[in-house]
Amino acid sequence: MLKLFRRTKEEELADQQRLHDSLEKTRSGFMGRLSTLFQPNELTEQTWEELEETLIMGDVGVETTLALVEKVRQRARQEGLKRTDQVQAVLKQEMLALLDHPAEMALDEPRLLTVVLVVGVNGSGKTTSIAKLAKLYKDHGRKVVLAAADTFRAAAVRQLEIWGERVGVDVISQGQGADPGAVVYDAIRACQESRQADLLIVDTAGRLHTKYNLMKELEKVRNVAARQVHKAPHEVFLVLDATTGQNGLSQARHFKEAVDITGVILTKLDGTAKGGIVFAISKELGVPVRFVGTGEKVDDIAFFDARTFVESLFK
Amino acid sequence: MFETLTEKLQTVFDNLSRRGKLTEADVDAAMREVRLALLEADVNYKVVKDLVARVKERAVGAEVMKSLTPAQQVVKIVHEELIATLGQPAKLDLSGPTPHVVMLVGLQGSGKTTTAAKLALHLRKSGQRPLLVAADTYRPAAIHQLEVLGKQLDIPVHSEGDKVPPPQICANAVRRARESAYTVVIMDTAGRLQINEDMMRELEQIKQLTKPQEVLLVADAMTGQQAVNVAKTFHERVGLTGLILTKMDGDARGGAAISMREVTNVPIKFVGVGEKVDALEVFHPDRMAGRILGMGDVLSLIEKAQATMDEEKTRSAAQRLMKGEFDLEDFLGQMQQMRKMGPLSQLLDMIPGMGRLTKEIAPEVTDKQMKQIEAIISSMTREERRRPEIINASRKRRIARGSGTTVQDVNELLSQFKQAQRLMKQLAAQGKGRRGGRFPGFPGLPLG
Ligand SMILES: Nc1nc2c(ncn2[C@@H]2O[C@H](COP(=O)(O)OP(=O)(O)OP(=O)(O)O)[C@@H](O)[C@H]2O)c(=O)[nH]1
Ligand SMILES: [Mg+2]
């Protein structure tokens, strides 16, 4: 597949470094124990217990943790593994397998206008992530426009406009209280006509996935895009705060049902939280993580790389 | 699908009650489920360990009430232990000379700004003169957000733009409050990671300059295992006086509340239950405990019900439900009323046993299915609704025709109803065994 947007090797390395750095903090915390766990020692019952504890503390979740540990135990038996470092390799494989997804994103395919919808619960980091994405893709030669379809939260439009100015991309808005669908309609027209843009990223209001009416509203926004642009929205990103516990799975499930999310942006990885819930999201819902947020500045974003992510946990 | 603790415990406890006696092995089996469920509810791993140890100690101990099955006894102990850990709700401390200074702190995106506005409104309603302070100079438009909210509520906002250091803004605000006779100053600080040294030092400075009476950690109910570290560090650095749990209107089980209470021992002062400025409630430990256990939130349900339907009806419906007199009319009535109130599954989860019930009826009761249930029950005679056992094959055919469904659909509904009825009877029986006839694990329920 021809890609408009291809990362250079250096960029990939920089991404890995950023992810690695952000995980460094985590590693010194509870995940750090994973590393010490995997000194080449004899396997004992305690090894397994500690492993379980470490995964659960990383918000991987009881079910996924038990399944992972059981699988690795089984393989350890079958393959006659005796040392913790051997088990480490097997565990890494199994964790990687949970995150396995095709690398291609619809976002990177060439087309006249690509529409990206960004959704999530309140405060997860949608607007900030959109600013980061806008900069990332603008730097790679895309003509980016943002749509301020969070017309609900006080000053949400202003927040996006400030980011737009900083990044140097246009923001289409109709102010607070406007119909989000109408904003998206306008924004698509603007992209196709006056702005000649090829990438539209839509900021939506934060909403709890259990709110029936708000989820319906989101479906409507999605439909507006679908009617105007062939196969739009081409990507629907769920922005998930890495600090979130097991509720993350419920979030992903509901948003998938309502607007068919295509990927996750995992934010706030610069904190101590791991975002271990993405293993369950990836496995149970088949939704891959695409980007990670590693800070509050506009460059604090990296492509998600499963190998780096898992690898870094064991460093 | 998540299995709620109720479901899991019910399975374990079904087994236990069949054996009739509580041995240490029984308790161990139950504790495994309790442990897993608490972890699923996001209670911190280490906190769970301590909690389970406490519960186990009490469960294996002597206190077995005559009126309870061993299973019920264990649920009761877990529930009580959670309530004890959650602690009693506490009001804001507004003693001493004015202005009282309230400082809100927390991670990014936890809901501080909205909560600041909610608190200001709440305090004004109780006769205070609040002043809001825009001390988040980092997030774009954060100041503007607070100003918009202030304007909406007609509550003044002290802001000095984003160029002045936050500690200075806060100190100025307190001075202004003193001069202009504001009685409460509510400071909205920027969200920050507890590991960001510079930002944590900034909080210490603000605290030092303004001497707040209340330092409240605003935390998201969806927080996972890190809740412990977050609360602990904030507490160590700025000495918390209370917690506010936000986004409680979602479906998060909220185990983080337990974790944060355990490490800080400061009271939970409020919970945020919506985006609107009046969506701030006092904290109810019993409801929270029920929610963490996935046992439903009967009081909230009844409150919600009262808002949409008249009290008399609610009371009698609830009473019948508690007594186990539960026929198809009640079944339909419940379903209809609950549908008026919002998403079905969310509401059903609030009734004890209903979590399991919904799943036994259908994993996901959609609106379409609901219409079908309505159609089928509406096609029954009064007598049939009261005494479903009289519905024979020919009646079934008639009902199916009348409701535009199939006999199979009717059969399915009837068997679902039977399960519901059985469950209600079980629950009611538990209720009767207790002093005051209250529902087990739901102290204070004014019914039955
Ligand atoms: N440390 C850190 N903070 C982040 C990250 N991403 C976003 N934030 C912060 O999280 C807070 C909320 O971010 P927003 O982008 O406003 O979140 P949102 O999802 O748009 O919020 P609503 O529109 O109110 O639902 C802000 O203070 C951001 O600076 C991240 O990767 N790391
Ligand atoms: Mg936003």
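The values are calculated or read from the model by the stated rules, or taken from the named source; none is laboratory data. The structure displayed is predicted, hence computed values, not measured ones. Every residue, glycine as well, gets a Cβ built from its backbone with ideal geometry; the counts of neighbours run over all protein chains shown. Accessible surface areas use protein heavy atoms only, side chains included; no ligands, DNA or RNA. Shrake-Rupley method; radii C 1.70, N 1.55, O 1.52, S 1.80 Å.
Judged by the mean number of other Cβ atoms found within 10 Å, the most tightly packed of the peptides A:46-52, B:214-220, B:373-379 leads the ranking B:214-220, B:373-379, A:46-52. Chain B and chain A together bury an accessible surface of about 3800 square angstrom, both sides counted, with a 1.4 Å probe and no ligands or nucleic acids included. Leaving out ligands, DNA and RNA, what percent of the accessible area of the stretch B:363-422 is carbon and sulfur, probe 1.4 Å? Answer for the stretch B:363-422: carbon and sulfur cover 47 percent of the accessible area. Of the DSSP H helices in chain A, not one has a Cα length along its own long axis of 15 Å or more together with a mean Kyte-Doolittle hydropathy reaching 1.0. Count the net charge of all other residues whose Cβ sits under 14 Å from the Cβ of B:Arg201, scoring Lys and Arg as +1 and Asp and Glu as -1. Its environment carries a net charge of -2.
Taken residue by residue and averaged, Cβ atoms of other chains lying within 10 Å of the Cβ of A:57-66 number 4. Residues of the stretch A:157-174 that lose at least 40 Å² of accessible area (1.4 Å probe, protein heavy atoms only) when the other protein chains are present, relative to their chain alone, are A:Arg158, A:Gln159. If you build a Gaussian network model of chain A, linking Cα atoms that sit under 10 Å apart, which residue out of A:Ile130, A:Ile162, A:Ile281 swings the most? For chain A, modelled as a Gaussian network with Cα springs under 10 Å, the answer is A:Ile162.
Give me the distance between the Cα centres of the stretch A:43-89 and the stretch B:79-144, rounded to whole Å. Value for the Cα centre distance between the two parts: 43 Å. Please label the shape of the stretch B:70-113 as rounded, prolate or oblate, based on the square roots a ≥ b ≥ c of the eigenvalues of the alpha-carbon gyration tensor (a/c under 1.5 means rounded; beyond that, a/b larger than b/c means prolate, else oblate). Oblate, since a/c reaches 1.5 and b/c is not below a/b.
Which residues belonging to the stretch B:90-123 lose at least 40 Å² of 1.4 Å-probe accessible area when the assembly is complete, relative to their chain isolated? When all protein chains are present, B:Gln108 each give up 40 Å² or more of accessible surface. Rg/Rh, computed from the Cα trace of the stretch B:100-295 with Rh as the Kirkwood radius, has the value 0.95.
With R₀ fixed at 60 Å, the C-beta to C-beta distance from B:Arg397 to B:Gln88 puts the FRET efficiency at about 0.55. In this label model, A:His101 and A:Lys82 are separated by 4.1 nm, measuring between points 7 Å along each Cα→Cβ vector.
A straight line joining the Cα centroids of the stretch A:150-211 and the stretch A:94-121 runs 21 Å.
DSSP assigns beta bridges within the stretch B:100-295; of those with both partners inside it, close to 5 percent run antiparallel. Of all DSSP beta bridges confined to chain A, the antiparallel ones make up roughly 15%. The mean count of C-beta atoms from other chains within 10 Å of the C-beta of residues in B:401-413, rounded to a whole number, is 0. For the residues of B:214-224, the average number of beta carbons from a partner chain within 10 Å of their own beta carbon is 5. All other residues whose Cβ lies under 11 angstrom from that of A:Ala156 are scored, Lys and Arg at +1 and Asp and Glu at -1, for a net of 0. The packing ranking of peptides B:41-53, A:61-73, highest mean first, is B:41-53, A:61-73, where packing means the average number of other beta carbon atoms within 10 angstrom of each residue. Summing Lys, Arg as +1 and Asp, Glu as -1, what charge do residues with Cβ under 9 Å from the Cβ of B:Met248 carry, B:Met248 excluded? Residues near B:Met248 contribute 0 overall.
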